[in-house]
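The values are calculated or read from the model by the stated rules, or taken from the named source; none is laboratory data. Note that the coordinates shown come from a computational prediction; the quantities given were computed from them, not determined experimentally. Quick reminder, even Gly has a Cβ in these numbers, built from the backbone with ideal geometry, and neighbours come from all protein chains shown.
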Amino acid sequence: MAFNVKKSIVMVGMMGAGKTAVGQALAALLEVPFLDSDEEIVRAANMTIAEIFERDGEAFFRDRETEVIGRLLDGERAILSTGGGAFMAERNRRMISERGVAVLLRADLELLWNRVKHKDTRPLLRTPDPKATLTEIYDARVPIYELADLAVDAHPDYTIAQMAEAVINV
Ligand code: S3P
């Protein structure tokens, strides 16, 4: 196992890559707490992410995201799942690399689209052509995701448990 046992593992990657599901399975396997930055933001604001974007704007959401990631990484070792945009901010990447190990769940566009197309929970995809928007976001972000410490490829046939094992064995 390539992980420093004292550091938290931070799941990064596109929406639909499986960060939350795989992170939860990983936390169970490693017997450490599972944390989710989006969930924390929603709980503190008592609003959905879509409502936060709509009422307060994306910049406000990104500031909450940085605060929450910082706070969650200050605690005991855990698996932390982050929202797909979190790793794009240099300030977040710095915190993550100081206090954790960034694990990228790499997934191709078709897999991501198949997973996100039925859900209406992601404000960034509320556009006239969500597939084109997802493609644009994907193209812009992929080079930055590759700055993660480790990467595991998501495959449509892999179960969540297999993905978690793959992360441990990377
Ligand atoms: C976002 C991804 C979402 C959520 C927000 C913004 C993004 O999280 O943080 O809608 O910028 O990619 P998931 O990656 O868990 O969908």
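Can you name every residue in the range 58-101 that is of a type in the set (Gly, Ala, Ser), under 14 Å from Ser37 (Cα atoms) and either within 15 Å of the ligand (Cβ to nearest atom) or in a helix (DSSP H, G or I) (or both)?
Gly70, Ser81, Gly83, Gly84, Gly85, Ala86
Output the number of the condition that Gly16 fails; it satisfies all remaining conditions of (1) crowded, with 16+ Cβ neighbours inside 10 Å; (2) part of a helix (DSSP H, G or I); (3) within 12 Å of the ligand (Cβ to nearest atom).
Single failed check for Gly16: (2).
For every residue, the table says whether it meets (1) within 14 Å of the ligand (Cβ to nearest atom); (2) assigned to a loop (DSSP other than H, G, I, E, B); (3) modelled with pLDDT under 95.
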site: Trp113; (1), (2), (3): yes, no, no
site: Thr121; (1), (2), (3): yes, yes, yes
site: Thr133; (1), (2), (3): yes, no, no
site: Glu136; (1), (2), (3): yes, no, no
site: Ala151; (1), (2), (3): no, no, no
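Out of the range 42-77, which residues are aromatic (Phe, Trp, Tyr) and in contact (Cβ under 8 Å) with a residue 40 or more places away in the chain? Step through it out loud before you land on a result.
Here is the first cut: in the range 42-77, the ones aromatic (Phe, Trp, Tyr) are 53, 60-61.
Passing the criteria: only Phe53.
Identify, from the list Leu80, Leu105, the residue that is in contact (Cβ under 8 Å) with a residue 60 or more places away in the chain, surrounded by 18 or more Cβ atoms within 10 Å (Cβ to Cβ) and closer than 19 Å to Tyr138 by Cβ. Break it down stepwise before answering.
Working: Leu80 fails: closer than 19 Å to Tyr138 by Cβ.
From the options Leu80, Leu105, the qualifying one is Leu105.
Restricting attention to the range 44-55, and to residues there that are within 13 Å of the ligand (Cβ to nearest atom) and not hydroxyl-bearing (Ser, Thr, Tyr), which single residue is nearest to Arg126 (Cα to Cα)? Before the answer, list the steps.
Keep residues of the range 44-55 that are within 13 Å of the ligand (Cβ to nearest atom), which gives 45, 47-54.
Right, trim to not hydroxyl-bearing (Ser, Thr, Tyr) and you get 45, 47, 49-54.
Values: Ala45: 21, Met47: 17, Ile49: 12, Ala50: 9, Glu51: 12, Ile52: 14, Phe53: 11, Glu54: 11 Å.
So, considering only residues that are within 13 Å of the ligand (Cβ to nearest atom) and not hydroxyl-bearing (Ser, Thr, Tyr), the one nearest to Arg126 (Cα to Cα) is Ala50.
Listed residues Ala44, Ala28; which is in a helix (DSSP H, G or I) and more than 23 Å from Ala107 (Cβ to Cβ)? If you could, list the steps in order and put the result at the bottom.
Values: Ala28 fails: more than 23 Å from Ala107 (Cβ to Cβ).
Result: Ala44 is the single residue among Ala44, Ala28 that is in a helix (DSSP H, G or I) and more than 23 Å from Ala107 (Cβ to Cβ).
Of all residues in the range 153-170, how many are outside any loop (DSSP other than H, G, I, E, B) and under 16 Å from the mean Cα position of the chain (by Cα)?
Let us first name the residues in the range 153-170 that are outside any loop (DSSP other than H, G, I, E, B), namely 153, 160-168.
Next, from what is left, pick out any that are under 16 Å from the mean Cα position of the chain (by Cα): 153, 160, 163-164, 167.
Result for the range 153-170: 5.
Determine which single condition Ala89 fails, assuming it passes every other condition in (1) touching a Phe, Trp or Tyr at 6+ places or on another chain (Cβ under 7 Å); (2) over 20 Å from Val22 (Cα atoms).
It fails just one condition, (1).
Residues in the range 19-33 that are near the ligand (Cβ under 7 Å from one of its atoms) and among the aliphatic types (A, V, I, L, M): how many? Let's see the steps before the verdict.
Of all residues in the range 19-33, those near the ligand (Cβ under 7 Å from one of its atoms) come to 19-20.
Those still in the list that are among the aliphatic types (A, V, I, L, M) too: none.
Qualifying residue count, the range 19-33: 0.
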